[in-house]
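**Student:** Below you'll find the structure I mean.
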Amino acid sequence: MIMGKHQLEEIEEQLESDDPTVRWNAIDKLAELNSEKLIPKLIELMKNDPHEDVRWNAARALGMMEAKQAVPSLLEVIKESGDIKLRAMIVETLGKIRSEEAVPDLIKTMCEDEDPIVRSEAAEALGKIGSLKPVSDLISKAQKDKFVHARQKAVYALGEIAKKHGYVDINEFLDKYGGPATEIKPETRKKC
């Protein structure tokens with residue numbers, strides 16, 4: 001979508017509004033326009049807006065825009081924020097951006113975050129990125145997480161990574177990248 005200077009200035013003003021609904025709507029417009037010029041403003045809103053829904057929507061918009069330059073800030077916020085809803089959106093956003101840079105932090109989030117939804121979203125994001133680095137952690141998550149949804153997302157991620165690396169037979173993939181076959185439970189193999 002082509003955007004005029006006046007339209008961009010109007011959105012920029014709306015992002016400064018005292019009304020969180022106006023800021024939310026401006027973020028949506030900006031995401032539709034996919035303007036890189038205001039990505040720093042979206043990052044600022046995600047980090048500092050007083051309204052949690054505006055922070056969440058700014059993170060969502062960064063994912064819609066696949067804003068790779070936001071990855072360091074996204075990783076910073078996921079480590080510092082106590083807002084579960086925001087952390088879950090950030091890991092989803094990192095999956096949409098598909099940045100290899102995010103893989104170590106996503107592995108840590110998947111393995112250590114206290115919230116099962118955040119762990120689940122981190123597993124799914126790792127599958128979207130497609131790196132081989134998290135395979136052993138995903139296998140462990142698929143077999144051991146107490147939350148069934150996290151186990152399911154880990155299995156899904158393993159399947160996605162296998163496909164991205166050209167494997168049709170999941171067992172062949174798991175044997176090559178998952179360690180000895182005896183360490184992978186048969187039911188985990190079947191679910192992949």
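**Student:** Residues being among the polar types (S, T, N, Q) and within 21 Å of Val71 (Cβ to Cβ): count how many of those fall in region 103-149.
**Tutor:** 3
**Student:** Here are some residues: Lys41, Lys37. Which one is assigned to a helix (DSSP H, G or I), surrounded by 17 or more Cβ atoms within 10 Å (Cβ to Cβ) and more than 17 Å from the chain's Cα centre (by Cα)?
**Tutor:** Lys41
**Student:** Which one is farthest from Val103 (Cα to Cα) among residues in region 114-149 that are aliphatic (A, V, I, L, M) and within 14 Å of the chain's Cα centre (by Cα)?
**Tutor:** Ile117
**Student:** Scan region 95-139 residue by residue and report those that are surrounded by 23 or more Cβ atoms within 10 Å (Cβ to Cβ), farther than 22 Å from Ser81 by Cα and in contact (Cβ under 8 Å) with a residue 40 or more places away in the chain.
**Tutor:** Matches in region 95-139: Ile139 only.
**Student:** One residue is enough: does region 19-29 have a residue meeting the conditions at pLDDT 95 or above, over 21 Å from Met110 (Cα atoms), among the charged types (D, E, K, R) and not in a helix (DSSP H, G or I)?
**Tutor:** Among the residues of region 19-29, at least one is at pLDDT 95 or above, over 21 Å from Met110 (Cα atoms), among the charged types (D, E, K, R) and not in a helix (DSSP H, G or I), which makes the answer yes.
**Student:** For Arg55, are the conditions met, namely being over 24 Å from Tyr156 (Cα atoms), modelled with pLDDT of 95 or more, basic (Lys, Arg) and in a helix (DSSP H, G or I)?
**Tutor:** The answer is yes for Arg55.
Residue by residue, here is whether (1) of a type outside the set (A, V, I, L, M); (2) assigned to a helix (DSSP H, G or I); (3) touching a strand residue (DSSP E or B) at 6+ places or on another chain (Cβ under 9 Å); (4) surrounded by fewer than 17 Cβ atoms within 10 Å (Cβ to Cβ) holds:
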position	(1), (2), (3), (4)
Glu76	yes, yes, no, yes
Thr93	yes, yes, no, no
Lys141	yes, yes, no, no
Ala150	no, yes, no, no
Ala154	no, yes, no, no
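**Student:** Test Glu66 against the criterion of being in contact with a helix residue (DSSP H, G or I) (Cβ under 9 Å, 6 or more places away or on another chain), surrounded by fewer than 19 Cβ atoms within 10 Å (Cβ to Cβ) and part of a helix (DSSP H, G or I), and give yes or no.
**Tutor:** Judged against the criteria, Glu66 is not a match.
**Student:** Report the residue count in region 136-192 for those that are closer than 21 Å to Arg119 by Cα, touching a Cys at 6+ places or on another chain (Cβ under 6 Å) and at pLDDT below 90.
**Tutor:** 0
**Student:** Would you be able to say whether some residue in region 153-168 is under 17 Å from the mean Cα position of the chain (by Cα) and among the β-branched types (Val, Ile, Thr)?
**Tutor:** Scanning region 153-168 turns up at least one residue that is under 17 Å from the mean Cα position of the chain (by Cα) and among the β-branched types (Val, Ile, Thr).
The values are calculated or read from the model by the stated rules, or taken from the named source; none is laboratory data. Just so it is clear, the structure is predicted and the values come from calculations on it, not from any experiment. We place every Cβ from the backbone using ideal geometry, glycine too, and count neighbours over all the protein chains shown.
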